Amino acid sequence: MRVDRVWTNAKLLTSVPGAAPILGGSVAALDGRIAWVGSSDDAPRFDAAETIDCQQRWITPALIDAHTHLVHMGNRAREFELRLEGASYEEIARAGGGIVSTMRATRAASVEQMVAAALLRLDQLLAEGLGTIEIKSGYGLELEAELNMLRAARRLGELRPVRVVTTFLGAHALPPEFAGNADGYIDAVCEEMLPAVAAEGLADAVDGFCEGIGFSPAQIERVFVTARGLGLPVKLHAEQLSNLHGAALAARYGALSADHLEHLDSAGVAAMAASGSVAMLLPGAYYFCRETQAPPVALLREAGVPIAVATDCNPGTSPLASLLLAMNMAATCFRLTVAECLAGVTVNAARALGLQDLCGMLEPGKSCDLALWDIEEPAELVYRIGANRLHGRVWRGQ
Ligand code: DI6
Ligand code: FE
């Protein structure tokens with residue numbers, strides 16, 4: 001079999017649902033795709049330009065961070081200090097801090113400045129074996145700044161060997177110029193911003209923040225109707241701080257995922273199961289905001305809703321640029337199993353981006369995106385806190 005490159009003498013965690021690990025395995029790449037994967041005993045004779053002996057290291061699919069606000073300016077360390085002194089997230093948001101303070105810094109920045117700031121965070125994720133990342137807009141909250149955030153996100157994908165998927169999150173927060181007129185802002189999102197973003201091909205999906213301090217279900221639904229008209233899939237920040245039944249709304253629009261979900265109820269779980277939406281758990285925000293109500297993991301499991309885990313990397317509620325730590329938090333705070341955590345940053349994360357046919361599994365035909373680890377067993381990836389045992393990263397066979 002003619003291939004470009006073979007990795008031999010490896011232990012494989014394929015992330016193929018139901019498949020057992022392969023202890024003496026090989027992976028072969030041709031033209032950036034996996035051409036063959038399996039037990040070395042069954043392998044064909046490879047005619048490869050390069051053969052890499054993995055010396056019994058573990059190989060997983062390269063990790064996927066499927067919910068981030070990676071592009072943003074400034075930081076909210078001062079706000080963090082205020083919260084330590086007793087202020088709540090809602091109080092800070094209502095007093096003009098929070099998302100709006102990041103908006104000001106982001107509006108003032110050029111695309112180049114956004115790229116430079118986000119690269120620091122991206123490189124941290126890449127050093128942990130990342131192969132695909134979703135990046136949202138939502139700190140511009142006016143057309144030009146939202147476009148610039150998405151341009152910066154696309155640019156990151158040109159500067160580093162990583163797959164960048166972009167999401168338009170215009171309905172993230174109410175900008176001050178629309179104070180008291182959330183419906184007017186949603187008009188602007190639907191009539192001006194979203195069509196312009198779509199016309200430039202800058203968004204792969206559309207998101208919103210359905211919450212008391214965000215937008216109402218009725219307002220979010222208008223955004224979803226517009227997205228549908230433009231042929232863009234939707235997802236939603238839902239049930240993070242309260243239950244507005246956003247997940248069920250998202251499910252009605254065939255959402256790729258509903259995200260956060262701490263206050264999701266059983267009707268919401270059933271709606272997600274019926275629509276096939278992924279439950280995107282974001283333990284970094286839960287941890288950082290010291291929430292006490294965890295998402296209904298047992299109900300999600302029972303209903304067979306695929307569970308993903310992401311960093312939610314953002315300056316306000318989850319200043320986290322480590323998927324390994326996100327997995328540890330998901331296990332510790334939400335009691336996800338090791339297998340659920342690993343599926344959550346590979347196969348189910350791919351599904352949450354609509355990329356299940358392209359990445360997230362070691363399977364012939366998938367992009368050859370690999371992470372090689374210096375570990376004895378996969379549980380170490382979830383168990384260790386603040387450790388990074390990445391040996392190497394392969395993206396599209398390179
Ligand atoms: N939910 C969150 O946790 C973040 N956005 C959202 O819709 C918070 C973003 C921020 O505070 O900057
Ligand atoms: Fe988020």
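The values are calculated or read from the model by the stated rules, or taken from the named source; none is laboratory data. Remember, it's a predicted structure, so these values are computed and weren't measured experimentally. Counting neighbours? That spans all protein chains shown, and the Cβs are built from the backbone with ideal geometry, glycine included. To get the accessible areas, we keep the full protein, side chains included, count just its heavy atoms, and leave off ligands, DNA and RNA. Shrake-Rupley method; radii C 1.70, N 1.55, O 1.52, S 1.80 Å.
Brief remarks on what is shown
- Carbon + sulfur, % of accessible area of the chain - ligands and nucleic acids excluded, 1.4 Å: 51
- For the pair segment 1-43 / segment 272-334, the C-alpha centres are spaced 30 Å from each other.
- Net charge of the neighbourhood of S367, taken over other residues with C-beta under 14 Å away and scored Lys/Arg +1, Asp/Glu -1, is +1.
- Taken over the alpha carbons of segment 268-363 as equal point scatterers, the Debye sum produces base-10 log I(q)/I(0) values at 0.15, 0.17, 0.19 Å⁻¹ of -0.56, -0.72, -0.90.
- For segment 103-142, the orientation-averaged shadow of the C-alpha convex hull comes to 3.1 nm² (one quarter of the hull surface).
- Accessible area of segment 40-89 divided out per residue, in Å², using a probe of 1.4 angstrom: 52
- Charge tally in the Cβ shell below 13 Å around Y253, where Lys, Arg are +1 and Asp, Glu are -1, Y253 excluded: +2
- Calculated Rg and Dmax of the chain using C-alpha coordinates, Å: 20.7, 69
- Segment 324-398 - Rg and Dmax from Cα coordinates, angstrom: 12.9, 36
- Dividing the summed -39500 (n - 2.57) terms of all DSSP H runs of n ≥ 4 by the residue count of the chain sets its mean residue ellipticity at 222 nm at -10000 deg cm²/dmol.
- Per-residue packing, averaged as other Cβ atoms within 10 Å, sorts the ranges 198-205, 312-319 into the order 312-319, 198-205, beginning with the highest.
- Our estimate of slack between D374 and E200, defined as 0.36 nm per intervening residue step minus the Cα-Cα distance, is 58.4 nm.
- Semi-axes of the equivalent ellipsoid for segment 1-112, Cα gyration tensor, largest first, Å: 50, 18, 11
- The local environment of S266, defined by Cβ-Cβ distances under 13 Å, has a net charge of -2 under the rule Lys, Arg +1 and Asp, Glu -1.
- Kirkwood Rh in Å, taken over segment 99-246 so that all alpha-carbon pairs contribute: 15.6
- Globularity index of segment 115-184, i.e. its alpha-carbon radius of gyration over 2.2 N^0.38 Å: 1.28
- Rounded to two decimals, the Cα-based Rg/Rh of segment 191-334, with Kirkwood Rh, is 0.97.
- Based on protein heavy atoms only, segment 256-367 ends up with 31 Å² per residue of surface accessible to a 1.4 Å probe.
- Two-site label geometry, E91 and Q55: point separation in nm, points 7 Å out along Cα→Cβ: 5.5
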